[in-house]
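**Student:** Submitted below is the structure of interest, expressed as structure tokens.
Rule-based calculations on the coordinates, nothing more; no lab input. All values reported here derive from a predicted model rather than from experimental measurement. Glycine gets a Cβ as well: all are built from the backbone with ideal geometry, and neighbour counts include every protein chain shown.
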Amino acid sequence: MGKKRSTFLFSALCFGMAFLYIPIILLIVYSFNYSKLVPVWGGFSLRWYVVLFESEDVWASLILSFKIAILNASFATLLGTMAGLALVRFGRFKGRLLFSGMIAAPLVMPEVITGLSLLLLFITLGDLIGWPAERGMATITIAHITFSMAYVAVIIQSRLAGIDQSLEDAALDLGARPFRVLLDITLPILAPGMVAGWLLAFTLSLDDLVIASFVSGPGSNTLPMLIYSRVRLGLRPDINALATIIIVIVAIAVFLAGWLMLRQQKQREKDMQMAATDTLKVTS
């Protein structure tokens, strides 16, 4: 019975991995296809990478998307961390239920509704105070922060829920100020969650199409918008080349983030072991 169960689980794992990664592998392979027809193999070539690097529209959209993604991830991580700390460490305060609901709302709200509401907001602000004069990078960044910070807040909240608060209480008992405790104890412990939240917010921003389509204006096409507009006219091999480059960049970023988080985890475990050893020496 146990052997049959292991075989079934292994088969399910293989099927799931194949379902996820075979399309990505095919996309990478066909990015080196010489033929203009994507499904027809015409031989190995770097032709479409050359075409891609000569495309000004692609570079402009790529740079815009990365600028927005970096700004979005940074501000979303900051605001999401503050929201998560407020929900976990501040206990029950007036308006907590409303605040928690407002944080969770972007997670369940359809993107079409979010994009439409933000578009109406920007139009109203433009009529009332003259800002934004035109929709572009600023409006897209604000829109992305609006829903990305909710994901970061959930990650930070779950991370804080699993942290023993006795370290913070001990530091406070020893005379450390709350802000110092936050910098020296809480934030280092939260660092892996903050890195994960930053990467998630970056990916969500880089991947968003629906909301960006509502709040963008002429001349501010993000990369997903450019890819969607080109794919509607038919598959093009240079899009495969662009997707391959993005996959490689994201894979390297994820690998580096995982390595840094693992290194930090080992260092923290080593420090805790040294602290426990010093405590035993003092007590003995």
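**Student:** Calculate for the chain the 222 nm mean residue ellipticity that helices alone would give, adding -39,500 (n - 2.57) per DSSP H run of length 4 or more and normalising by residue count, nearest 500 deg cm²/dmol. Walk me through the numbers before you get to the answer.
**Tutor:** Working: 12 runs with 222 residues, N = 284.
That comes out to -26500 deg cm²/dmol.
**Student:** What distance in nm separates the two pseudo spin-label positions at residue 163 and residue 36, each 7 Å out from Cα along the beta-carbon direction?
**Tutor:** Each label point is offset 7 Å from its Cα along the Cβ direction, giving 5.8 nm.
**Student:** In Å and from the alpha-carbon atoms only, list the Rg and Dmax of the range 1-130.
**Tutor:** Calculated on Cα positions, Rg and Dmax stand at 24.2, 70 Å.
**Student:** Right, another one. What do you get for the angle between helix 56-89 and the principal long axis of the chain? Use alpha-carbon atoms, 0 to 90 degrees, nearest ten.
**Tutor:** The angle comes out near 20 degrees.
**Student:** Rounded to the nearest angstrom and ordered from largest down, what semi-axes does the equivalent ellipsoid of the range 1-65 get from its C-alpha gyration tensor (root of 5λ)?
**Tutor:** 39, 17, 7
**Student:** Tell me, which longest segment in the chain has none of the trypsin sites (Lys or Arg not before Pro) that fall in DSSP loops with at most 16 further Cβ atoms within 10 Å?
**Tutor:** In short, 95-231.
**Student:** With Cβ to Cβ distances under 13 Å as the rule, what net charge do the other residues near residue 219 carry (K, R +1; D, E -1)?
**Tutor:** Once all neighbours under 13 Å are counted, the net charge is -2.
**Student:** Checking the a/c ratio against 1.5 first, then a/b against b/c, what shape does the Cα gyration tensor give for the range 128-225? Write out the running numbers ahead of the final one.
**Tutor:** Values: a/c = 4.18, a/b = 2.42, b/c = 1.73.
It is prolate, given that a/c is not under 1.5 and a/b is the larger ratio.
**Student:** Given +1 on the Cβ of Lys and Arg, -1 on the Cβ of Asp and Glu, and no further charges, what dipole in debye does the range 61-238 carry about its Cα centre, rounded to the nearest 20?
**Tutor:** Computed charge dipole of the range 61-238: roughly 160 debye.
**Student:** Measure nothing fancy, just the Cα-based angle from helix 2-30's long axis to the longest principal axis of the chain, in degrees from 0 to 90, nearest 10.
**Tutor:** 50 degrees
**Student:** Please find, in a Gaussian network model of the chain (springs between Cα atoms separated by less than 10 Å), the residue of 219, 95, 16 whose mean-square fluctuation is greatest.
**Tutor:** Largest GNM mean-square fluctuation: 16.
**Student:** I would also like to ask the following. Please give the net charge around residue 262, taking every other residue with its beta carbon less than 14 angstrom from that of residue 262, where Lys and Arg add +1 and Asp and Glu add -1. Don't jump to the answer; show the numbers that get you there.
**Tutor:** Values: positive: 263, 266, 268, 270; negative: 269.
Summing Lys and Arg as +1 and Asp and Glu as -1 gives +3.
**Student:** Over the Cα atoms of the range 189-284, what Rg and Dmax result, in angstrom?
**Tutor:** Looking at the range 189-284, its Cα Rg and Dmax stand at 22.0, 76 Å.
**Student:** Working from Cα positions, state the angle (0 to 90°, nearest 10) between the long axis of helix 96-108 and the longest principal axis of the chain.
**Tutor:** 30 degrees
**Student:** Identify which of 220, 31, 45 has the largest mean-square fluctuation in a Gaussian network model of the chain, with springs joining Cα atoms closer than 10 Å.
**Tutor:** It is 45.
**Student:** Could you list the square roots of 5 times each eigenvalue of the Cα gyration tensor of the range 73-143, that is, the equivalent ellipsoid semi-axes, sorted largest first and rounded to whole Å?
**Tutor:** 28, 14, 13
**Student:** For the chain, set up a GNM with springs between Cα atoms under 10 Å and report which of 199, 160, 262 has the largest fluctuation.
**Tutor:** Result: 262 has the largest fluctuation of those listed.
**Student:** Using a/c under 1.5 as the rounded threshold, could you call the range 61-238 rounded, prolate or oblate? The axes a ≥ b ≥ c are square roots of the C-alpha gyration tensor eigenvalues, and prolate needs a/b larger than b/c, oblate otherwise. Write down the numbers at each step before the final one.
**Tutor:** Details: a/c = 2.59, a/b = 1.93, b/c = 1.34.
The shape class here is prolate.
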